[in-house]
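To start, the structure under review is shown below, and the notes come after it.
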Amino acid sequence: MRKQKGFSLIELLIVVAIILIIAAIAIPNLLRSRIAANEASAVGSMRTINTAETSYNTTYPSVGFTATLVNLGKNGGDCSAPTSTTACLIDDSLATTSATSLKSGYYFALGTSAALGYTLQGTPGGSAYGVKNFYSDGTGVIRFNPNAAATAASDVIQ
């Protein structure tokens, strides 16, 4: 009788089962890592916008703070002679972020505030992108709330 070479069906099923168990352990960790990376990117974007708003206010004191992200970017113009509508302070990938476009899984909305100069909201595009809502204003402090829209009373990012 000849000895057959290869693996039996049982051996292959055991290997597949082991691979599935490892995948079941690894995939949730991968998703949590992606969410953490998106949230870190959102905080970085918020810091960039805060810095750009301060620079904008210093450069254009007669205008004050801008109420739109588009004015902080290139806004379709060139950056050879920046103006108050084409300040060229942030990248267009961040300047064009709106209610329909995401940056690293987050929507960013800029508004004006008489007392604080401006307000900035960072909202995740869904639970697969992030769980924290971010808020900042003219003080430059970034705050977060994991359960609802963040406000000036939310917890501070350390």
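Just so you know, all these numbers are worked out from the coordinates, no wet-lab data involved. Keep in mind that what you see is a predicted model, and the values were worked out from it rather than measured. Neighbour counts run over all protein chains shown; Cβ positions are idealised from the backbone, glycine included.
Taking amide hydrogens as placed 1.01 Å from N in the peptide plane, the amide H of Ile90 sits under 5 Å from those of Gly73, each at least 5 positions away in sequence or on another chain. For the range 1-145, the residue among Asn50, Ser104, Cys88 whose Cα projects farthest onto the positive side of the dipole built from Cβ charges is Ser104. Taken about its Cα centre, the chain carries a charge dipole of about 900 debye when Lys and Arg each add +1 at the Cβ and Asp and Glu each add -1 at the Cβ. Taking a sphere under 13 Å around the Cβ of Ala152 and counting the other residues whose Cβ falls inside, with K and R at +1 and D and E at -1, yields a net charge of -1.
Averaging the sequence gap over all C-alpha pairs within less than 8 Å and six or more residues apart, then dividing by the number of residues, gives the chain a relative contact order of 16 percent.
Each stretch of four or more DSSP H residues adds -39500 (n - 2.57); spread over every residue of the chain, this sum gives -13000 deg cm²/dmol at 222 nm. Among (1) 31, 19, 15; (2) 34, 15, 14; (3) 48, 19, 10, find the value of semi-axes √(5λ) of the Cα gyration tensor in Å that was calculated from the structure presented, and write down its label. Identified label for the calculated read-out: (3). Relative to the longest principal axis of the Cα atoms of the chain, the long axis of helix 9-59 lies at roughly 10 degrees.
Considering only Ile25, Gly73, Gln121, and ranking their Cα positions along the charge dipole of the chain that arises from unit charges at the beta-carbon of Lys, Arg, Asp and Glu, the one farthest toward the positive end is Ile25. Peptides 146-155, 64-73, 26-35, 121-130 ordered by packing proxy, namely the average of other Cβ atoms within 10 Å per residue, highest first: 64-73, 121-130, 146-155, 26-35.
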